[in-house]
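The values are calculated or read from the model by the stated rules, or taken from the named source; none is laboratory data. Just so we're clear, the structure is a prediction, and the values are computed from it rather than from any experiment. Note that each Cβ is placed from the backbone with ideal geometry, even for glycine, and that neighbours are counted across all protein chains shown.
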Amino acid sequence: MSTMPTMARNVLGGELQPCSYDPLTGYFRDGCCHTDASDQGTHVVCARVTTEFLDFSLSRGNDLVTPRPEWRFAGLKPGDRWCLCVQRWLEAWEAGVAPPVVLDSTHEAALRHVALALLQSHAWPKSSDLPTSG
């Protein structure tokens, strides 16, 4: 059973906004970067993935590009929004390939692992462009 709050907060202190419905993202596959104690990867950073990040993730053993129909996963392409594990985003930052972050859609739990100033320095300029449900 999920323990996520009814109104989750983003890293800016506002209501957590959707990250992506197409592709459908989130630990709970609800379009948002919600989390709870069962989310061991802490999938809370909403990012617009880049080719460099996707290649980096693959090099770390996490293939986010190859379609996996058995998991209803079409594979990501550059420009897609996706809820990333906060530690993977930090690894990518350390390697110089961190993708831009959508602050309105990044869960406040990310702040337990990364400073707001660092996230802000990698903010996607259009953090208020909310995805539409499809």
Taking interchain pairs and intrachain pairs at least six residues apart, which have beta carbon atoms under 8 angstrom, with the first residue in the range 86-97 and on the phi > 0 side of the Ramachandran plot and the second modelled with pLDDT of 95 or more and not hydroxyl-bearing (Ser, Thr, Tyr)? none
For a quick check of your reading of the model, give me the residue pairs whose first member lies in the range 6-24 and is surrounded by fewer than 21 Cβ atoms within 10 Å (Cβ to Cβ), whose second is among the small types (Gly, Ala, Ser) and part of a loop (DSSP other than H, G, I, E, B), with beta-carbon atoms closer than 7 Å and at least 6 apart or on different chains. 18/31; 21/31; 21/133; 21/134; 22/134; 23/74; 24/31
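Name the residue, out of 76, 58, that is under 21 Å from residue 125 (Cβ atoms) and either more than 15 Å from the chain's Cα centre (by Cα) or assigned to a loop (DSSP other than H, G, I, E, B) (or both).
76
For the range 25-54, name all the residues that are polar (S, T, N, Q) and surrounded by fewer than 23 Cβ atoms within 10 Å (Cβ to Cβ).
38, 40, 42, 50, 51
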Exactly one of 89, 82 is in contact with a Leu (Cβ under 7 Å, 6 or more places away or on another chain), outside any loop (DSSP other than H, G, I, E, B) and either of a type in the set (Asp, Glu) or within 20 Å of residue 124 (Cα to Cα) (or both), and that one is 82
Scan the range 55-106 residue by residue and report those that are of a type in the set (S, T, N, Q) and surrounded by 12 or more Cβ atoms within 10 Å (Cβ to Cβ). 57, 62, 87, 105, 106
